[in-house]
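Note sheet for the following structure.
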Amino acid sequence: MSKVKIAVIGIGYLGEFHAQKYKANKDADLIGVVDTNKQRSEEISNKIGVKSYNDYKSIIDQVDAVSIVVPTNLHYKIAKFFIENKKHVLIEKPFASNTAEARKLKNISEKNQTILQIGHLERFNKAFVELKDKVKNPLFIECNRISPFKIRGTEVDVIMDLMIHDLDIIMSINKSKIKNIHASGISVLTNKTDIANARIVFEDNCVCNLSSSRISDKIERKMRVFQKNSYFSLDYQNSSLGTYKKIKNKNVISIEKKEKSFPQNDSLKDEIDSFVKCIKNNKKAVVDASDGLNALTYALKISNLIKK
C-alpha cells in the first residue's frame, strides 16, 4: 500500500482537527470529509482542499479507512458499516453507547481482520509515553481532570466525557483486575453527572482515586503515580513529567528530582500517525477494541453507581 486512502466522518470541532492531521500525513491520502451538515462539510473541505460528502455510504469504494468523529449514539451504526466492508476504523472515545455495541464491533473487526483503534488520546501524550515504562508496580494513583463547561459533549455525562480517559490510562499501566469501585457525583448544569469521583481498588491492592469536573474555570489534566521508592507527577496539559526517586548513600536518604517537558507534544497527530502506520504495516493498534471496551465497561459501571 503506497498511501492509505482515508475520509473523516463528522467534521465538527474535533473532526476538523482529524482532517488537518491526515492532510499533513505523508502516508495518508485524505479523499474527503463527510457530514450531514452540508454547509459545514463544504466549509471545511474548502479550507483543507478536499472533497465534501454528505452521505458516509457514498465513499465506501474510495477509502481504505475512516476516522469516525460523530456523536456517540452514531458510532455503532457507522463503524459497523465500514468494518463489514473490510475498512479500517479509528473511532473517537467513548467506543460506543453500551458494551453490547462495543463487543459486537470488536467481534466484527476480528472476523474481517480490520484495525479498529479507539481514540483514547492521552496514550499518545509524550509525557505519558515517557512514563509508562517507568511504572512497574503502582501502589496509589491519583487522577484529576477538570475543564470549563461547554455545550459540546453534554450528550454524555462527565464520566464518559472526561473520566474515561483516566480509566483507560490506569488500566494500561496496571494490568491487575479491578476488585471494587466506590463512586459519587452530582448534576449541576445539565441533567447528567457533571462532577464525579471514583475510588477504585485493584486485586493487587493498588488504589486509584479519580476526580472529574466539567464546570471548572480552568483546564487541568494531571496524574500522580506512587510505587515503592518512587513517585511520578504527570501534567497532560503541559506535557511534562516529574520523577522523584529515593536515593540512599551511606545511610543518608535523599530524594532525587527530575523534570522533563515535551513542548512539541501533539497527541492527536501521534494518534493518527500511529493509526496510519498500523494500517500500512498490518500491526495491532496501540489502543485497540479490547482497551476501548474495558474503559467503556468501567465508565458505565461508575455512571450506574452514581445514578443508584
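Reported count of residues in the stretch 202-222, each being under 20 Å from Asn125 (Cα atoms), in contact with a helix residue (DSSP H, G or I) (Cβ under 7 Å, 6 or more places away or on another chain) and not hydroxyl-bearing (Ser, Thr, Tyr), is 1.
Of the residues making up the stretch 257-272, those that are part of a loop (DSSP other than H, G, I, E, B) and not polar (S, T, N, Q) are Phe262, Pro263, Asp266. Remark: Asn98 matches the filter, which requires a residue to be surrounded by fewer than 19 Cβ atoms within 10 Å (Cβ to Cβ), over 21 Å from Phe202 (Cα atoms) and in contact (Cβ under 8 Å) with a residue 60 or more places away in the chain.
Please determine whether any residue of the stretch 233-247 is surrounded by fewer than 18 Cβ atoms within 10 Å (Cβ to Cβ), over 22 Å from Asn137 (Cα atoms), of a type outside the set (Phe, Trp, Tyr) and modelled with pLDDT of 90 or more. Yes, that holds for at least one residue.
Counting only residues that are hydroxyl-bearing (Ser, Thr, Tyr) and either in contact with a Phe, Trp or Tyr (Cβ under 6 Å, 6 or more places away or on another chain) or in a loop (DSSP other than H, G, I, E, B) (or both), the stretch 202-220 holds 1 of them. Filtering the stretch 165-192 to residues that are part of a helix (DSSP H, G or I) and either out of contact with any strand residue (DSSP E or B) (no Cβ under 9 Å at 6 or more places or on another chain) or not aliphatic (A, V, I, L, M) (or both) leaves His165, Asp166, Asp168, Ser172.
Could you list, in sequence order, the residues of the stretch 141-155 that are over 21 Å from Phe232 (Cβ atoms) and surrounded by fewer than 20 Cβ atoms within 10 Å (Cβ to Cβ)?
Pro148, Phe149, Lys150, Ile151, Arg152, Gly153, Thr154, Glu155
Would it be correct to say that Lys111 is loosely packed, with under 14 Cβ neighbours inside 10 Å, charged (D, E, K, R) and within 30 Å of Val34 (Cβ to Cβ)?
Numbers: loosely packed, with under 14 Cβ neighbours inside 10 Å: yes; charged (D, E, K, R): yes; within 30 Å of Val34 (Cβ to Cβ): yes.
Criteria met by Lys111.
Figure legend. Inter-residue proximity from the stretch 211-226: first residues touching a residue at least 60 places away in the same chain (Cβ under 8 Å), second residues of a type in the set (Phe, Trp, Tyr) and in a loop (DSSP other than H, G, I, E, B), beta-carbon distance below 6 Å, spacing 6+ or different chains. Indicated pairs: Arg214/Phe149; Ile215/Phe149; Arg221/Tyr236. Is it the case that the stretch 26-37 has a residue that's β-branched (Val, Ile, Thr), part of a loop (DSSP other than H, G, I, E, B) and within 23 Å of Tyr76 (Cα to Cα)? Yes: the stretch 26-37 contains one or more residues that are β-branched (Val, Ile, Thr), part of a loop (DSSP other than H, G, I, E, B) and within 23 Å of Tyr76 (Cα to Cα).
The values are calculated or read from the model by the stated rules, or taken from the named source; none is laboratory data. Remember, it's a predicted structure, so these values are computed and weren't measured experimentally. Quick reminder, even Gly has a Cβ in these numbers, built from the backbone with ideal geometry, and neighbours come from all protein chains shown.
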